[in-house]
Amino acid sequence: MSYEMIALLMFSSMMLMLLTGQRVFGAIGGIASIAAIMLWGTGGGDIPFSAAMKLMKWYPLLTLPMFIFMGYVLSETKIADDLYKMFHVWMGPINGGLAIGTILLMVLISAMNGLSVAGMAIGATIALPELLKRKYDKRMVTGVIQAGSSLGILVPPSVVLVLYAMIARAPVGQLWLAGAVPGLMMAAMFIVYIAIRCRIQPELGPALSEDERDVSRGEKYRLLLAGLLPLIIFAMMMVPFVMGKTSLVEASAVGALTALIAAVLKRRMTLAILVLCLKNTLAISCMFMWIILAALGFGAVFDGLGAVKAIESLFTEQLGLSPWMILILMQLSFLVMGTFLDDTAMLVIVAPLYVPLVGSLDLGMPRGDILIWYGVLYTITTQIAYMTPPFGYNLFLMRAMAPKSITMRDIYGSITPFVLVMILALVIVMVFPQIALWLPNLIYGK
Amino acid sequence: MLKAARLYVRFVDGFNRGLGRIIMWGIFVMAAILLWSSVSKTFFSPSLWTLEVAQFAMVAYYVLGGPYSIQLGSNVRMDLFYADWSLKKKAWFDAFTVLLLLFYLGVLLYGALNSFAYSLGHFTQEPFVFYRDLIVAFVTGGPEAASEILGFVERSPTSWRPYVWPIKLVMIIGFFLMLLQVFAEFLKDIARIKGETI
Amino acid sequence: APAVLSQEPIKWRLQTYAGGALGEQVTKPMVDYVNNASNGELQIELFYADQIVPTGELFQALQRGTIDAVHSDDDSMASPTPLRQFGGYFPFATKHILDVPVLFNQYGLADIWRSEYEKVGVAWISAAGQDPCNFNTKKEIKSVSDLEGLKLYTFPTAGRFLSKFGVVPVSIPYEDAEVAVQTGELDGMAWSGITEDYTVGWADVTDYFLTNNISGAWIGSWFVNQKRWADLPAHLQQLVLAATEAGHTYRNQWYWGGEARLRAKGDKLQLRTVPAAEWAQVEDAAKDFWKEIAAEGELQAKIISIFQEYNDVINQAGPPYNFG
Ligand code: NA
Ligand code: NA
């Protein structure tokens, strides 16, 4: 059988199995196992297991449960209530101010955890009811929360970039820093959009009424202190790391424990909440790890059977595309796949094919820079994938957490302007790689 | 028949839930190892063992916690169509596609058994003969006779050089429990198709 | 129909310990030679470090036939033989790249290797030397005491030896070493000479190169699954052996020239040297290490005695065989 045939067969049967709705890791691992036993020859059946040994050796993966735990502690203990009040009081008086405040809240939450789940939970439980009560437009509100929380994977720390780093074999530290400026830029773009929209249509985000604005100056400044909490957690995690006292992986453990201690000190942590956090952390971590395990096995079989070579030669030789065309085509395919694929599945299945190719593209940049920049581009497409129907984590979470008055149609409708803003951000970072590369080169430049 | 299935599901669910509820505390074990690693290199001389022990802990965490995560339904499915199906239709599809998952777990388990035998110094033919010999020797001649069967016992290629069979044994146990759990899910699907609940 | 039915080519999967950039120089020439010269009868597909199985699992994969052939040192691939610790960099066993084939072909190591691997179901093909084991680090090393507390990526046995001087050896996948230096997980490497530092990008993330070494040449081998080797027609066996020798020749020149040129002209790493008189304590410690290893068994003692015999010869011979 030709390499092209094997590639097509493995890939299409995997997609078919995914469509049946079976667990993603089962579909990927099952197809990998069948291909290994039928096509490999002697010893093929050992490959799915050897992926487990590969996974074990990948040390940065330990950050995954740590950041997931951190996110659950932050969201389940409602430790962010004060933060929300701070923005509420300070931003309330302007049109759309509460929505802008929610974006800022999401930026702070993003700096304290590596996924979008915590931001979604906090946004949907704290911000959403308050905003609806203040007569904010429900589509505006659900869009703000979904878009804002997706910053969790772009603003450091980021679990998605840890997974990308594993596949691209690029430094996690640089990737995280590379996400910082684009993350803030995107947040600023959201804010600009909200401000303009609410200026034109004030009914979408009315300013707070006179009596609600009546908060004493002392109270206002006391609430500002709440903003210190994320700074403390961020500093506890990052200062020893930057000073070289902790490695990246150790820093994630420090971050998780700092969040836990903060919750205990604020008297928000009970045994029941702790058990809930632990249970959810185990569930989500296992979900990630088992998908990675299956995908590593799939990747090794796919590669060993020559299918990777077939794909590479398709892009570079047979289609004869220019480097930029290849890059744009990849982003477009990620955007399309992102609408119906889970991002982890997308990363572990497709990135191993794309990343070596991207690294070898002649874009007038060193290979190391390309891989870091591409990590940021990939993360932005993932953010978009979270929000685009039919398959998107943020969509599902919104559906699960939002009150009955918000329909599925509202949720789908809410994301359009924000997705457009994100695509604009994607294009900007694509055209100006320095937006991503400036900070890591500043810090790590030799 | 139904009674036996019920008993099986109750036992497997119960055991894996109990195990998962213990394993979930493992996050503190990992955090403690990592913290010790940074404390020891700041104040004393760095420890050789922390990196690998943390890796072992991570493997135990996700392999032994896996069955409980299946119970919790946290494993992502691509529910483009799946989400809109009736419970019965879901059960019908699952009952077939879960066979693929069972097959995968079987292959994983088989690989783990091979690798475990290798880590005890056995590398020719299938591992099962070796395991039989090992058990027979242990039963008839005790630990000494059993150690006669062992060959070169594998150590990790690091300076700390731990034996690797314990973590491979953990994986065997985890994959086996995962198989039991997925089979329990299969039984639940069959029951759902028949309109029963287990 | 064509009069002569062309035969299906024999296909091998070969995985090397080296990542892509290095493998291009140390492994690929042999593979290209076979693929070009075999007239389509034998095709080897090359896979780089960890591509199919992790390096630590290479041996098992080779025995079970998951992979047909391997290029690696005994140490990195966790060989289940007493030879394991002599592969890679055995402290101060050699001075130059050519010492390795001499030890194997003139002093009897080849016979020992062949028979030990036969016992564990693997065909040993050939061994060759590579670069010396120097240090490339972010922190400056000016004396032996600077080694204290350094987290270095190194070979298992070399790490065991260096821990006598306070080095903390770290084992991670080969392809992750560069990143680990950037994240602070590592202070550098005791893994190679300067050619490899430049080739794989380590020179971009570290600042200093220590010209002192703990061994003059890497010892690595080519292995084939026993059954696959036995099944190979005799003329193709000859071809594989010739290709391996050609690869050795290419590598000898690549390293020998690279080490000199990059030390003299390279601009990414600053050279540092610990005075020879002080470095002698490291060499003395190696003598104790040799005794420890020799005490482990008969075979180990035999190999150590061969190293001793050869070192006596080159010390009597004087420069260029030793450093004078
Ligand atoms: Na984040
Ligand atoms: Na989507």
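The values are calculated or read from the model by the stated rules, or taken from the named source; none is laboratory data. Please read all numbers here as calculations on a predicted model, not as lab measurements. Neighbour counts are summed over all protein chains in view; Cβ atoms, including those assigned to glycine, are modelled from backbone coordinates with ideal geometry. Calculation scope for accessible area: heavy atoms of the full protein, side chains included, ligands and nucleic acids excluded. Shrake-Rupley method; radii C 1.70, N 1.55, O 1.52, S 1.80 Å.
The table below lists the values:
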{"quantity": "Solvent-accessible area buried by pairing A with B, both sides, nearest 100 square angstrom, 1.4 angstrom probe", "calculated": "5900 Å²"}
{"quantity": "Proximal lysines to B:Lys194, defined as alpha-carbon separation beneath 26 angstrom and excluding residues fewer than eight positions away on the same chain", "calculated": "B:Lys3, B:Lys88, B:Lys89, B:Lys90"}
{"quantity": "Among B:98-108, B:22-32, the order from most to least packed when residues are scored by Cβ within 10 Å on average", "calculated": "B:98-108, B:22-32"}
{"quantity": "Surface accessible to a 1.4 Å probe, C:Ile293 within the full protein complex, Å²", "calculated": "0 Å²"}
{"quantity": "Whole-percent carbon and sulfur share, accessible surface of the protein assembly as shown, 1.4 Å", "calculated": "63 percent"}
{"quantity": "5 Å binning of all Cα-Cα separations within segment C:114-166, expressed as whole percents from 0 upward", "calculated": "4, 14, 19, 16, 12, 10, 8, 9, 6, 0"}
{"quantity": "Largest-first ordering by accessible area, 1.4 Å probe, given options B:Glu185, A:Glu4, C:Glu178", "calculated": "A:Glu4, C:Glu178, B:Glu185"}
{"quantity": "Segment C:76-104 and segment A:57-111: distance between their alpha carbon centers, rounded to Å", "calculated": "55 Å"}
{"quantity": "0 to 90° range, to nearest 10: angle between helix B:127-149 axis and chain B longest Cα axis", "calculated": "50 degrees"}
{"quantity": "By accessible area with a 1.4 Å probe, ligands and nucleic acids excluded, highest first: order of C:Tyr321, C:Tyr250, A:Tyr386", "calculated": "C:Tyr321, C:Tyr250, A:Tyr386"}
{"quantity": "Packing-based order for C:229-237, C:130-138, using average beta carbon neighbours within 10 Å, highest first", "calculated": "C:130-138, C:229-237"}
{"quantity": "Helix B:26-43 vs. chain B, principal-axis angle (Cα, 0 to 90°, nearest 10)", "calculated": "30 degrees"}
{"quantity": "Centroid-to-centroid separation of segment A:203-265 and segment B:33-68 [C-alpha atoms, Å]", "calculated": "28 Å"}
{"quantity": "Listed peptides A:108-115, C:193-200 by packing density, highest first (mean Cβ within 10 Å)", "calculated": "A:108-115, C:193-200"}
{"quantity": "Percent of C-alpha pairs per 10 Å bin, chain C, short to long", "calculated": "6, 27, 35, 23, 8, 2, 1, 0"}
{"quantity": "For residues of C:170-182, the mean tally of beta carbons on other chains within 10 Å", "calculated": "5"}
{"quantity": "Between A and C, accessible area buried - total, square angstrom, nearest 100, 1.4 angstrom probe", "calculated": "2300 Å²"}
{"quantity": "Anisotropy class of chain B from Cα gyration tensor, a/c 1.5 cut", "calculated": "oblate"}
{"quantity": "Nearest 10 degrees, 0 to 90: helix C:276-294 Cα axis against chain C principal axis", "calculated": "50 degrees"}
{"quantity": "Calculated log₁₀ intensity ratio I(q)/I(0) where the Debye formula runs over C-alpha points of the protein assembly as shown, q = 0.05, 0.08, 0.10 Å⁻¹", "calculated": "-0.32, -0.81, -1.23"}
{"quantity": "Equivalent ellipsoid semi-axes - Cα gyration tensor, chain A, angstrom", "calculated": "39, 24, 22"}
{"quantity": "Which listed pairs, of B:Lys41/C:Lys265; B:Lys168/C:Lys151; A:Lys245/C:Lys139; A:Lys57/C:Lys119, have C-alpha distances above 25 Å, in listed order", "calculated": "B:Lys41/C:Lys265; B:Lys168/C:Lys151; A:Lys57/C:Lys119"}
{"quantity": "For A:Glu219, solvent-accessible area (1.4 Å; no DNA, RNA or ligand), Å²", "calculated": "70 Å²"}
{"quantity": "Rounded to the nearest 10 Å², the accessible area of A:Trp40 at probe 1.4 Å", "calculated": "20 Å²"}
{"quantity": "10 Å Cβ neighbours from other chains, averaged over peptide A:376-385", "calculated": "0"}
{"quantity": "Set of lysines with alpha-carbon distance to C:Lys291 below 17 Å, sequence-local pairs under 8 removed", "calculated": "C:Lys164, C:Lys302"}
{"quantity": "Chain pair B, C: total accessible area buried, heavy atoms, 1.4 Å probe, Å²", "calculated": "1700 Å²"}
{"quantity": "Mean residue ellipticity (222 nm) of chain A, computed from DSSP H runs ≥ 4 via -39,500 (n - 2.57), nearest 500", "calculated": "-24500 deg cm²/dmol"}
{"quantity": "Cβ neighbours within 10 Å from other chains - mean over A:174-185", "calculated": "0"}
{"quantity": "Helix-only mean residue ellipticity at 222 nm for chain C, each DSSP H run of n ≥ 4 adding -39500 (n - 2.57), per residue, nearest 500", "calculated": "-13500 deg cm²/dmol"}
{"quantity": "Segment A:195-336: relative contact order in percent, alpha carbon pairs under 8 Å with at least 6 residues between", "calculated": "9 percent"}
{"quantity": "Average accessible area per residue (Å²) across the protein assembly as shown - probe 1.4 Å, nucleic acids and ligands excluded", "calculated": "38 Å²"}
